[in-house]
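For reference, the structure is listed below as structure tokens.
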Amino acid sequence: MNNLIQQYKESLKVAKKMYRSATVEDKKVIAGMISDLEFAIEWMETGRQPGNRRGIERRAAYQRERSFDPLLMQKFFRSSEPVYEWDDHEKEDVITSWDRERIEDALSVLTDREREVYLMSRGYCLTYSEIANYLCISSSSVQTMIQRAEKKIKKRIKESLFCMCS
């Protein structure tokens, strides 16, 4: 990694030399290159995105954790029968019956609306605004339903012996 950082720094020096003697049109391009090189060097040296005050390791637990593996939720969604009018995917057998039972048990505590919104977000990977447009509700309502659903799912996973077994 140190070798790569050193190569980037050398490229940065060359780019800065080129910038001094470049024409006006070329300075715009070279300035972008310099900016990108500085961004990449800072990212590699600090191990986090430049401009962020905290890395992922310093985030609060509720910001890092997910109730289910996102890929598992997408597999569950693709392997279930389409139930909603917006659901136009083809069924695939990509999830084990044990995982299906665990997910269905955890999702059983959700209301129909919460389940629909949660599956749209976590299974179909739609943004809050897309979900809001489909369901004719506000994005903040979608966010609230997702947060409520995740809280219920986390509680169910902690309390259910069925969900704890993995």
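Tell me, which residue of region 92-136 that is among the aromatic types (Phe, Trp, Tyr) and within 12 Å of residue 146 (Cα to Cα) is least open to solvent (accessible area, probe 1.4 Å)? The qualifying residue least open to solvent (accessible area, probe 1.4 Å) is 118.
A search for C-beta distances below 7 Å between a residue of region 1-14 that is over 15 Å from residue 42 (Cβ atoms) and any residue that is open to solvent by 80 Å² or more (accessible area, probe 1.4 Å) and of a type outside the set (A, V, I, L, M), counting only pairs 6+ apart in sequence or on different chains, returns nothing.
Take the residues in region 13-25 that are in a helix (DSSP H, G or I) and in contact with a helix residue (DSSP H, G or I) (Cβ under 8 Å, 6 or more places away or on another chain), then tell me which one is least open to solvent (accessible area, probe 1.4 Å). Within region 13-25, the match that is least open to solvent (accessible area, probe 1.4 Å) is 15. A single entry from 42, 10, 65, 57 fulfils the requirement of being modelled with pLDDT of 85 or more and either within 30 Å of residue 154 (Cα to Cα) or exposed (fewer than 12 other Cβ atoms within 10 Å of the Cβ) (or both): 10.
The values are calculated or read from the model by the stated rules, or taken from the named source; none is laboratory data. Everything numeric in this text was worked out from a predicted model, so none of it was measured. With ideal geometry, Cβ positions are generated from the backbone for all residues, glycine too; neighbour counts draw on all protein chains shown. Please note that ligands, DNA and RNA were not included when accessible areas were found on the heavy atoms of the full protein model with its side chains. Shrake-Rupley method; radii C 1.70, N 1.55, O 1.52, S 1.80 Å.
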